Each structure stands twice: as structure tokens, then as C-alpha cells.
1. Between segment A:83-121 and segment B:107-175, what is the C-alpha centre distance in whole Å?
2. What is the percent of Cα-Cα separations in chain A that go past 21 Å?
3. Evaluate the distance, in nm, between pseudo-label points positioned 7 Å from the Cα of B:N324 and of B:N47 along their respective Cα→Cβ axes.
4. Let me check against my output: what whole-number percent is the relative contact order of chain A, with C-alpha pairs under 8 Å and at least 6 apart?
5. Enumerate the amide H contacts of B:G294 below 5 Å, restricted to partners 5 or more residues apart or on another chain; note that Pro and chain-start residues carry no placed amide H.
6. Efficiency by 1/(1 + (r/R0)^6): what FRET value for A:S115 and B:F265, r their Cβ-Cβ distance, R0 = 41 Å, to the nearest 0.05?
7. Let me have the relative contact order for chain B, percent, based on Cα pairs under 8 Å that are six or more residues apart.
8. Rank A:S56, A:T68, A:I109 by how far each Cα sits towards the positive end of the charge dipole of segment A:52-119 (+1 on Lys, Arg Cβ; -1 on Asp, Glu Cβ) and give me just the farthest.
Amino acid sequence: MENRPVDYNLINGWGIDADPKNDPTYPMRKRSADDHEGYSWNRPQQQPIDVEVLHSIERPNVTAVFGTSKPPSGLSGKLRRHAFKYGEGSFAHWIPLIVADRVDVVEGIIDDIKSGSFPNIWKERGMNAQWKYDKAGLLKSLAIGAAITTAAVMLIKNKSRD
Amino acid sequence: MLAMNYRGPQRIRLDRNKPMPEILHPQDAIVRVTRACICGSDLHLYNGNVPDTRVGETFGHEFIGVVEEIGSDVHKLKVGDQVIVPFNIACGECTFCKQELYGNCHEANPQATAVGGIFGYSHMAGGYNGGQAEYVRVPYANVGPMVIPSGMHPDDAVMLTDVVPTGYQAAEMGGIQKGDTVAVFGAGPVGIMAAKCAWLFGAGRVIVFDQEEYRLDFVRNYAQCEAYNFRSIEDPVVFMKKQTDSLGADVCIDAVGAEAAGSKFQTITGRKTLMQAGSATALQWAINSAKKGGIVSVVGVYGPTGNMIPIGNALNKGLTIRGNQASVKRLLPKMIEHVQSGVLNPKALITHHFPLEEVADAYRIFSDKLDNCIKPVLIPPSARM
Ligand SMILES: [Zn+2]
Ligand SMILES: [Zn+2]
């Protein structure tokens, strides 16, 4: 489709929320003097902390509510605990968390196998949908995968021959 | 119950035996989900690019449903209410909630102070299970959830949990003045909505960039804007200058965030090797395309640490840069008004309905932009009866 110039006056709702005062290149504030008192509001009741909750060292406590979807566990949990010794903007915080995420994936596969099921990677990656809508792309990525595997196998074979 | 279950980068499955959520706090409610969208920002999680995304988590921050159970201190909702649940979890009492910065609540996310609590968005956003499931725990149920007005289509309602207010706030943070030229980077659902909303603030020209032809067609039709494929333009920044008498756009909106394509260097450092907290291509284009003294509004999601962005240009051009997670609760009444009066028609963005059971395929289709997918919604079996 071509780009056509638009008569914006015909656009439904044009300008209804226009507000010349909303120009952030001028200072704008919506605060009261109370806001300078720091961490002093009436906190909501604390959710009972009966799972391990890691909290940022940039705050004094665990928030009044929190999620409990997956408390830290295993080696990935150890890495996460280590990460939370450092501030949020620090690489020492960020990198261990990324490493922990990858370790967690392996731990997840081990858990699956322990519980008697091998993960169905084809299904988990949504390959049925890709087969339906993007056969070429799927075949290409499978071929690349196969080529990398073959190259790796050859490399190992050659190495072991030396 | 049934729930989406993250197993690692690009690996998810349907968990058939996820434990039912429970009331853990007097202000909690349990909501039976009737619709849950997959969001572009879920793809950051899906690709394993958000630190502290743990195996076993359930994603989904865009959902609506029916209140099934309430805690002892919930008085604004009752069992049976059909509710829109904002994606941000907010206490309503902290210093930030009092400023209506509901996306920045200080009592919802222990793991980080920069980002607030978000449903199903990794432990970096509080470790909450999300709504891509049959049931979900909703904390601070007196604050966030809002009863769906009678007669509102559920597809419209679910879009009000994130996409509509985020697109609207992107335009609002741009401080658009009448006649302004607005450039929007990204024609995903939020970019489309930002382009549409830019007109409501009186924009004189709205120009959108993306790399997918079907999304460009969609945004041209839906948002009556100009739309260009940056793959067929050598340099989007030079192109924008040419379009604006060599001055640049008054307002630039980054509606992409960490997954941005278009710069090999940013892709390798930001997406493939995670050496920076996401590829900042769209932000770089936004800063460089803005007029001197102009405004850059960022709603694309980035990680917590370093990003390679041209801060020198931002300084030298005297730009104002604003960004935030949308304050959904603050904006909901106005968004409902705009939907009811026909100014906004959000359900038109939903191109795909999937049963929750097909969640892995739905993510693949959305992630790979297959079958002209703009916005997918998942429907649990308990909502299909
Ligand atoms: Zn979203
Ligand atoms: Zn709060």
C-alpha cells in the first residue's frame, strides 16, 4: 500500500486530549512536601515470608507482597543468592543471574528426566506451527543445526585421530 | 490447573498440574482467567533475555477474568465480578502510588527497585505467576482491578490491561503539541496504538517505521499514518531529516525496546551475546531523529544495566527523554471512555485466538511473525464453556 498524506482533521478524536500544559521540555511536577520524607508511608500488611525471597540491596526489606512462583533452588539458586549481594545496576548482579538462568534450564531438564519424562523439544519450541507457516525457515534452521553437528563430529573425529 | 510453563529460551509447554493459586495476603484475589494476551515484551522472556527468569514460571501480564475468591481485606471487588487487571501490581499507598505512578510501586517487587511488580514477568519484576493459565493470584485487589463495563467486548477489555494505556502513555509522555510531527519506531501492537493515540493529542503528522510489510499495511490502515520499511531505506535517521525539512521530528517514540532489529552491531552485542541490556537500535534512531529541543518517549522495554545509546547526541540536542511502564490504573477510566465513544477500537489488533493448550505454537507464531500475526490472545478451556 502507498503512503498517502493524511487530513488529520478527519481523524476520529483528533486533538481531543490536547493539552498545551503537557510539554515536558518545561519542568513539571506532581508532588507534595510529604514526598521528601523518604521511606515513611503506611506500609500495607506484610505477606508472610515462608519461602526464600531475595531482595534488592537497594531497599531495606521485602515488599509487602511478593510472588512465590519459583524460590531459588539448586546451583542456580546459589548463583542467584550471590547476585543479590550486589546493586541492581552492577554487572556483578546481572551476569550471575544470566548464568543462573542457563544453569536453571539444565536443572529443569534433569528434573524432567527424574520425574520420568524427557522434554518434547519439538513441541515446546512450537515447531508444529513453524512447520505449518514457515517450512522453508524451519528446514533451513534444521539444516544449519545438522551442519553444525556434522562439523563438530568431524572435528572431534579428526582430533582423536591426531 | 492448566498453565503455561517456561522451560528455557524458546521452550515452553502447557503444564497440566500447576498448583492452584492461593490467597497469601488479605488483599489478594484469585481470578479465573477468561482471556490472556501474549505481549511483545513476553518475547524478551521467551528468548531468555531477561535476567532472573526462572524455569517453571508462568508468563502473562495481560489478562481479564472473573473473581473467584477474595481475601479478608478485599472490599472493592466481590466474587463473580468480571475484571480488567492492569499489568502492574500496585499497593496504592506508597509514595509513588500516591503520585499516580502505579507502574513504579515500591511495595510490589522485592527483587528490584527500578521496576515495579508485574504479573508473570520474571523474578526481576517480583516473581509473580502470570495469567497465561486458568487461574491467577491478584495482589492488592482493592487497587488495580476494575470491573468491565457492561457491553464491552472482552477482546477490547483485555487490550486495556497494557497495549492501549502503554501506547497512549507513549504519546502522552511525548508531550505532543498541536501540529507536531511524531515518529514511532516499531509497528507492534504498542507502536500501532501509540501512532493512533498521537492524533488524540493533536499531532500533525505521524510516521511509523518497521521491517514487516504486513505490519506496515496494518498500521497505515488502523492509525491513518505514514509507514515505512526501514529495510528499504538506507538510514532511517537521514530519511526522517529529509521528511522534516532537515530539522527532525518534534517527538520520537521508541516502541520496540531490547529486541530491536536493524543494526548488526546492536544485535550482536545486545541480543546474541547479552553484552548490553538489549539492542538499543530503536532508541538510537529515536534520539538521532528528534529535532533539537525535542522529546524522546520510551516505552520499549530494556534491561537494568548498560546500553549503548548516543547520550552525547541527546545532550547536544537538548532532548528531553522520558520513559516508563504505563500507569494503567491512572489511565483506565479515560481509555474506557475512548473505547466506548468509538475513538479507539483496540480489539481490531487481535488477529489470533488460540486455546491455552496451544500456547507453545502461539508463541512461535507471534515470535516469528508468522501468519500475519499482530496480536494473539489465549483462551483457557474453563472460559470456552
Ligand atoms: Zn504487555
Ligand atoms: Zn505502591
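Every number in this text was worked out from the coordinates using simple rules, so none of it is lab data. Please read all numbers here as calculations on a predicted model, not as lab measurements. Note that each Cβ is placed from the backbone with ideal geometry, even for glycine, and that neighbours are counted across all protein chains shown.
1. One Cα centre to the other: 26 Å.
2. Numbers: 9987 of 13041 pairs.
Everything past 21 Å amounts to 77 percent.
3. 2.7
4. Working: 78 pairs, mean separation 17.1, N = 162.
11 percent.
5. Excluding prolines and chain starts, which carry no amide H, the hits are B:T320.
6. Numbers: r = 43 Å, r/R0 = 1.05.
Computed FRET efficiency for A:S115 and B:F265: 0.40.
7. On the way: 963 pairs, mean separation 64.9, N = 385.
Relative contact order here is 17 percent.
8. The listed residue farthest towards the positive side: A:S56.
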